[in-house]
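Heads up: the structure comes next, in structure tokens.
The values are calculated or read from the model by the stated rules, or taken from the named source; none is laboratory data. In this text the structure is predicted, and so the values were computed from the model without any measurement. Every residue, glycine as well, gets a Cβ built from its backbone with ideal geometry; the counts of neighbours run over all protein chains shown. Heads up: the accessible areas ignore ligands, DNA and RNA and are worked out on the full protein's heavy atoms, side chains in. Shrake-Rupley method; radii C 1.70, N 1.55, O 1.52, S 1.80 Å.
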Amino acid sequence: MEEKKLIESFDYPNDFMIIINQNLLDFDPWIILLGDRLKDRYQGVKDRYPNRILVPFARREDNDDLACWNEEKKVVIIHDFASSGYEGGKITMSFWDWFRSAIECMIEYNSFSN
């Protein structure tokens with residue numbers, strides 16, 4: 001994967017790079033952000049929440065939730081476009097905990113009743 005598809009100034013955790021290098025990018029409803037979409041969302045988050053250090057890496061298709069790295073390289077989920085201070089993201093988790101949750105969301109989101 002080309003480095004320019006990620007935020008160049010951010011040192012991504014190795015756990016995350018495992019799924020990137022395996023091209024595991026779509027966990028509908030969670031989608032990994034890359035390229036221009038990532039850069040645009042990153043800049044938007046910086047502008048909307050200037051008092052926080054957040055690097056988005058995945059968005060949820062069915063709402064405005066973003067999975068982001070915080071300054072400790074823990075994952076936080078924020079509700080993007082909320083007023084500053086109301087975006088949430090106070091609860092942190094490891095990347096693998098987020099990944100398990102994303103897989104569970106994918107199963108639930110894509111399961112259909114018979």
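Within segment 76-114, being surrounded by 10 or more Cβ atoms within 10 Å (Cβ to Cβ) and part of a loop (DSSP other than H, G, I, E, B) holds for D80, F81, A82, S84, E87, G89, T92, S94. Among the residues of segment 49-72, those that are within 23 Å of D26 (Cβ to Cβ) and either part of a loop (DSSP other than H, G, I, E, B) or touching a Cys at 6+ places or on another chain (Cβ under 9 Å) (or both) comprise L54, V55, P56, F57, A58, R60, E61, D62, N63, D64. In segment 8-31, the residues that are more than 18 Å from K74 (Cβ to Cβ) reach residues that are among the basic types (K, R) with C-beta atoms within less than 6 angstrom, at least six apart or across chains, in these pairs: P29/R60; I31/R59. E72 falls short on exactly one of the conditions (1) open to solvent by 30 Å² or more (accessible area, probe 1.4 Å); (2) under 18 Å from Q43 (Cα atoms); (3) of a type in the set (D, E), and that condition is (2).
Among the residues of segment 5-22, are any assigned to a strand (DSSP E or B) and crowded, with 16+ Cβ neighbours inside 10 Å?
At the first step, the residues of segment 5-22 found to be assigned to a strand (DSSP E or B) are none.
No, because not a single residue in segment 5-22 is assigned to a strand (DSSP E or B) and crowded, with 16+ Cβ neighbours inside 10 Å.
Of the residues making up segment 68-78, those that are closer than 17 Å to N14 by Cβ and touching a Phe, Trp or Tyr at 6+ places or on another chain (Cβ under 9 Å) are W69, K73, K74, V75. The set of residues in segment 23-32 that are in contact with an Asp or Glu (Cβ under 9 Å, 6 or more places away or on another chain) and either assigned to a helix (DSSP H, G or I) or surrounded by 14 or more Cβ atoms within 10 Å (Cβ to Cβ) (or both) comprises P29, W30, I31, I32. Would a scan of segment 45-64 turn up a residue that is touching a strand residue (DSSP E or B) at 6+ places or on another chain (Cβ under 6 Å), acidic (D, E) and surrounded by 14 or more Cβ atoms within 10 Å (Cβ to Cβ)? No, segment 45-64 has no match at all.
Scan segment 96-103 and tell me whether some residue there is out of contact with any helix residue (DSSP H, G or I) (no Cβ under 8 Å at 6 or more places or on another chain), at pLDDT 95 or above and of a type in the set (K, R). Within segment 96-103, one or more residues are out of contact with any helix residue (DSSP H, G or I) (no Cβ under 8 Å at 6 or more places or on another chain), at pLDDT 95 or above and of a type in the set (K, R).
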